Amino acid sequence: MPGRWVRRLHQAEDVLLAALLASLLLLSLAQIGLRLFLDTGLAWAEPAGRAGVLWLALLGALGATRGHRHIAIDALPRVLPPPARRLAWAIAQAATAVLCAGMAWLGWGLVQLEREAPMPFIAGVPSWVPMLALPLGFGLMAVRFALAAGAQPPEPRDMDA
């Protein structure tokens, strides 16, 4: 049973994800309405929307990894006995953690490149700020997978569920 602070962290993730999705929907609706009825629009809406989708995708992936609802190849655990299933789980989770850590490292490199030669984004916001989604999202996923490598694997689910 996760501790109270872990449950609150999960709630904060869910609230952040829902708020970001709602903000992107409202921004898109406002942009459509402004263009349709007033023949104008918000100049910053397009880049903000693209950055929001990047953050939404990585936060959504982080949420999916929390509940082990991410895309996974799980044919082998269905046929392995429990001790072998545990070993296969640990290896798969550790390997995934290493891959996510590598992606976080590469994402940090992209942020550094963008800081050296920033592109126009939104007035007052450097163009590298939205790119922080890459190292943060993949870094947090790496931590989540590393922690899962030391935990018990979930029971294999039926394909019908």
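Return a yes/no flag: does the stretch 12-35 have any residue that is of a type in the set (S, T, N, Q) and loosely packed, with under 13 Cβ neighbours inside 10 Å.
Taking every residue of the stretch 12-35 in turn, none turns out to be of a type in the set (S, T, N, Q) and loosely packed, with under 13 Cβ neighbours inside 10 Å.
Could you check the stretch 37-82 and list, in sequence order, the residues that are among the charged types (D, E, K, R), over 19 Å from the mean Cα position of the chain (by Cα) and under 23 Å from ALA22 (Cβ atoms)?
Answer for the stretch 37-82, where residues must be among the charged types (D, E, K, R), over 19 Å from the mean Cα position of the chain (by Cα) and under 23 Å from ALA22 (Cβ atoms): just GLU46.
Only one of (1) farther than 14 Å from ALA146 by Cα; (2) in contact with a helix residue (DSSP H, G or I) (Cβ under 8 Å, 6 or more places away or on another chain); (3) assigned to a loop (DSSP other than H, G, I, E, B) fails for MET103. Which number is that?
Failed condition: (3).
Go over the candidates MET103, MET119, MET141 one by one and state the one that is free of Cβ contacts under 8 Å to residues at least 12 places away in the same chain and under 30 Å from ALA22 (Cβ atoms).
MET119
Within the stretch 14-32, does at least one residue satisfy the condition of being part of a helix (DSSP H, G or I), more than 21 Å from GLY63 (Cβ to Cβ) and hydroxyl-bearing (Ser, Thr, Tyr)?
Taking every residue of the stretch 14-32 in turn, at least one turns out to be part of a helix (DSSP H, G or I), more than 21 Å from GLY63 (Cβ to Cβ) and hydroxyl-bearing (Ser, Thr, Tyr).
Surrounded by 17 or more Cβ atoms within 10 Å (Cβ to Cβ) and either in contact (Cβ under 8 Å) with a residue 40 or more places away in the chain or at negative phi (or both), is that true of ALA64?
Here the answer is no, as ALA64 does not meet what is asked.
Please state which of the following conditions GLY124 fails to meet, knowing it meets all the rest: (1) within 18 Å of ALA51 (Cβ to Cβ); (2) at pLDDT below 95; (3) touching a Phe, Trp or Tyr at 6+ places or on another chain (Cβ under 8 Å); (4) small (Gly, Ala, Ser).
(3)
Pick from ALA133, ALA90, ALA95: which is free of Cβ contacts under 8 Å to residues at least 12 places away in the same chain, of a type in the set (A, V, I, L, M) and in a helix (DSSP H, G or I)?
ALA95
Residues to consider are ALA72, ALA142, ALA97; find the one that is of a type outside the set (Ser, Thr, Tyr), more than 18 Å from TRP55 (Cα to Cα) and at pLDDT 95 or above.
ALA97
Scanning for something part of a loop (DSSP other than H, G, I, E, B) and among the charged types (D, E, K, R), does the stretch 109-122 turn up at least one residue?
Checked the stretch 109-122: no residue is part of a loop (DSSP other than H, G, I, E, B) and among the charged types (D, E, K, R).
The values are calculated or read from the model by the stated rules, or taken from the named source; none is laboratory data. Everything numeric in this text was worked out from a predicted model, so none of it was measured. No Cβ is skipped: glycine too gets one built from the backbone with ideal geometry, and neighbour counts run over all protein chains shown.
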